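Below: one structure, written as structure tokens.
Please treat every number below as a calculation from the coordinates, not as lab data. Since we're looking at a predicted model, the values are computed, not measured. Cβ placement follows ideal geometry from the backbone for every residue including glycine, while neighbour counts extend to all protein chains displayed.
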Amino acid sequence: MVNFWSNVFASSVALIILIILIILIYFLVNSRGVKKRKEHFLNLHQSLNKGQKVMFSNGIYGTIVEVKEDIVEVKVKSGTIMEVSRYSISEIIK
């Protein structure tokens with residue numbers, strides 16, 4: 001009976017170590033992508049200027065009319081000027 005419990009304990013420890021290694025590898029691989037995306041959007045949101053064509057995360061295109069602190073005024077094709085958060089802009093169209 002003692003041998004059985006020592007085998008269960010050894011198997012449990014091995015399984016826990018395997019799970020910890022998988023989680024560690026996942027976070028190491030994932031953290032690189034998160035860091036790159038964070039830098040990309042930081043640069044994008046700081047480089048917004050009047051007259052640039054932009055695309056929002058939901059697919060709306062427009063041209064920047066005015067840039068304020070956290071709000072950007074964007075003119076869309078219909079001529080409407082929308083006030084949006086500068087962080088909703090996902091891409092600057094070249």
query = Going toward the positive end of the dipole of the chain, with +1 on Lys and Arg Cβ and -1 on Asp and Glu Cβ, which of Gly33, Trp5, Leu21 do you reach last?
reply = Gly33
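Under Stokes-Einstein, with the Kirkwood radius over Cα pairs standing in for Rh, what whole-number D in µm²/s applies to region 24-63 at 25 °C and 0.890 mPa s?
Values: Rh = 12.2 Å.
The estimated diffusion coefficient comes to 202 µm²/s.
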ask   = What percent of all Cα-Cα pairs in region 1-52 falls in each 5 Å bin, counting up from 0?
value = 4, 16, 11, 10, 10, 8, 8, 7, 6, 5, 5, 3, 2, 2, 1, 0
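Between Ile19 and Ile81, 0.36 nm times their residue separation minus their Cα-Cα distance comes to what?
On the way: separation 62, 0.36 × 62 = 22.32 nm, distance 5.19 nm.
Gain on stretching Ile19 to Ile81: 17.1 nm.
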query = Reported to two decimal places, what Rg/Rh ratio describes region 49-94 when computed on Cα atoms with Rh from the Kirkwood expression?
reply = 0.90
remark   = Between Glu91 and residues 5 or more places away or on another chain, the pairs with built amide H atoms under 5 Å apart involve Met55
inquiry  = What do you get for the angle between helix 2-46 and the principal long axis of the chain? Use alpha-carbon atoms, 0 to 90 degrees, nearest ten.
reply    = 10 degrees
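Given contacts defined as C-alpha pairs under 8 Å and at least six residues apart, what's the relative contact order of the chain, whole-number percent? Mind dumping the intermediate values first?
Working: 97 pairs, mean separation 19.3, N = 94.
After rounding, I find 21 percent.
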ask   = Distance in nm between label sites at Leu42 and Asn7, each 7 Å beyond Cα in the beta-carbon direction?
value = 5.4 nm
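Roughly how many debye, to the nearest 20, is the charge dipole of the chain about its Cα centre, given +1 on each Lys and Arg Cβ, -1 on each Asp and Glu Cβ, and no other charges? Walk me through the numbers before you get to the answer.
Numbers: 12 positive and 7 negative charges, 67 e Å.
For the chain, the charge dipole is close to 320 debye.
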request  = Could you run the Debye sum over the Cα atoms of the chain, one equal point scatterer each and no solvent, and tell me log10 of I(q)/I(0) at q = 0.17, 0.20 Å⁻¹, two decimals?
outcome  = -0.77, -0.91
